Every structure is written in structure tokens, then in C-alpha cells.
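K.L.:
Here it is, the structure in full.
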Amino acid sequence: MKRRISASRRATPPERPRIVSSELVRSRSDEIADAVARRAYDLYERRGRVDGHHDEDWRQAESELVFPVAVTVSDAGPRLTIEAAVPGFDVVDVEVCVEPRRVTIAGLRKSGVAPGATVSMWMYRAVELPEDVSVCDVIAAVEEGVVAVTLRKAGASDAEPSD
């Protein structure tokens, strides 16, 4: 007799991104700001060093180098869930940092466009949380272009009823 395996049991479990320290995330933030500043300066030089376009140059550089991350935060009783859309970023590209009132999702995707040429796209999103969470109880996964981070609220237990 053959056992039938349900589709849900055959499905590959979601992959886990790296959980990193706040120091590493701050370092990533600095790297991104430096890359955007260098690109904005390149744009300034291409314009012939004409002053008065700093904000425009910065926004253009940021749009070229930093992927905009759409985020939703859901409150489910004792837990908060943050979902971030990051299509094109693999699990190895993603880093998650959890602090008591903030979750930061960051990453760098590199792709070769021609032999010897690489294009980098940064991703960075810091989400302020509506209440404190436990930094020791984190479940993070990347599946189908979405990073999902589930956190236990500080002082909450799973026995508490959901809303």
C-alpha cells in the first residue's frame, strides 16, 4: 500500500535569513549611505558641478541603488508579524535585526550584467514597532519574495488569547 503525501508536507519549508546584531545593521546603513553619496556626487559631476540639485541627485542615486521595501505589521494577540516584500532577493541576501522596538530588514543583491560588471541593489527598511518585543523569540523566514518576521510581545505568552 502506498502512502499519499499531502502537498503541504511535500512543500519545501521556507528558508531562514540571518539574524544579525544592531551593530552590523548600523554598518549596513552606513555602507548604503556612502554608496548613495558617491552616486549622488557622480551625478553632480556629470552635470558639470552645477550647484542647487543636491536633493534631486540624492533621490536619483537612492532610486538607482536602494530597493523600496513595502512592509505590513500585523498584531495577533501575543505576537507581532512583519512582512516585507523583497522580490529578487534570495535568503542569502537578507539580514534581519530585532531590537525591543524596531525590526530592520537589510540586504544586498549583486547581479552580473556583463563579464566583469556587477550591479548592486541595496535593500534596507527599519520598522518601528507599536510595542516592545522579546528579542530572544524571533521566527524569520523568506518565501516567494517575502520576508516574514514573527515576534513575541514583551511579557506575553502564547497562552494569551488572540484578538
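K.L.:
Check whether at least one residue in region 84-103 is exposed (fewer than 13 other Cβ atoms within 10 Å of the Cβ), among the aliphatic types (A, V, I, L, M) and either modelled with pLDDT of 95 or more or over 22 Å from Glu23 (Cβ atoms) (or both), and report yes or no.
P.N.:
No: zero hits.
K.L.:
Determine, yes or no, whether Glu62 is among the acidic types (Asp, Glu), closer than 17 Å to Asp30 by Cα and without any contact (Cβ under 8 Å) to a residue 60 or more places away in the chain.
P.N.:
Details: among the acidic types (Asp, Glu): yes; closer than 17 Å to Asp30 by Cα: yes; without any contact (Cβ under 8 Å) to a residue 60 or more places away in the chain: yes.
Taking the combined requirement at face value, the residue satisfies it.
K.L.:
Could you look through region 56-83, keep only residues that are surrounded by fewer than 14 Cβ atoms within 10 Å (Cβ to Cβ) and of a type in the set (A, V, I, L, M, F, W, C), and pick out the one that is farthest from Ala148 (Cα to Cα)?
P.N.:
Here the residue is Ala76.
K.L.:
Can you find, within region 107-163, the residue that is farthest from the chain's Cα centre (by Cα) among those that are modelled with pLDDT under 95, aliphatic (A, V, I, L, M) and not in a strand (DSSP E or B)?
P.N.:
Ala159
The values are calculated or read from the model by the stated rules, or taken from the named source; none is laboratory data. Just so you know, these numbers come straight off a predicted model, no measurement behind them. Cβ coordinates were reconstructed from backbone atoms using ideal geometry, including for glycine residues, and neighbour counts include every protein chain displayed.
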